[in-house]
1. Under the condition of being among the β-branched types (Val, Ile, Thr) and assigned to a helix (DSSP H, G or I), which residue from the stretch 17-51 is surrounded by the most Cβ atoms within 10 Å (Cβ to Cβ)?
2. Mind listing whichever residues of the stretch 1-24 are among the hydrophobic types (A, V, I, L, M, F, W, C) and in contact (Cβ under 8 Å) with a residue 12 or more places away in the chain?
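Every number here is computed from the coordinates shown, using simple stated rules; none is lab data. Predicted, not measured: the structure shown is a model, and the values here were computed from it. Glycine gets a Cβ as well: all are built from the backbone with ideal geometry, and neighbour counts include every protein chain shown.
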Amino acid sequence: MERLAWVCLGSALGGGARYLVSLAALNALGPTFPWGTLFVNVVGSYLIGTAWKEVLYLLLFIAILTMRPAGIFGQRGAEALGT
């Protein structure tokens, strides 16, 4: 139930922001094209992509840290490292 509340809150904030940006673009650029919707979609896609990139880098970093030395250096390298 808590997840539903977060989804509803995010939807309300996102919908309000989309409406305000669309209204500002309509007033500034006219009704020929939905510039506000395009702007919100492009910026949102960029932010989601950036967030996922950071998550994937973090997961890769954790995976590298948790590898066993034998998996990286081979058995002789692991013996040389004293593991």
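1. To start, the set of residues in the stretch 17-51 that are among the β-branched types (Val, Ile, Thr) comprises 21, 32, 37, 40, 42-43, 48, 50.
Filter once more, so that each one left must be assigned to a helix (DSSP H, G or I): 21, 37, 40, 42-43, 48, 50.
Values: Val21: 17, Thr37: 13, Val40: 19, Val42: 10, Val43: 12, Ile48: 10, Thr50: 10.
The residue in question is Val40.
2. Within the stretch 1-24, the subset among the hydrophobic types (A, V, I, L, M, F, W, C) is 1, 4-9, 12-13, 17, 20-21, 23-24.
Hits for the stretch 1-24 are Ala17, Val21, Leu23, Ala24.
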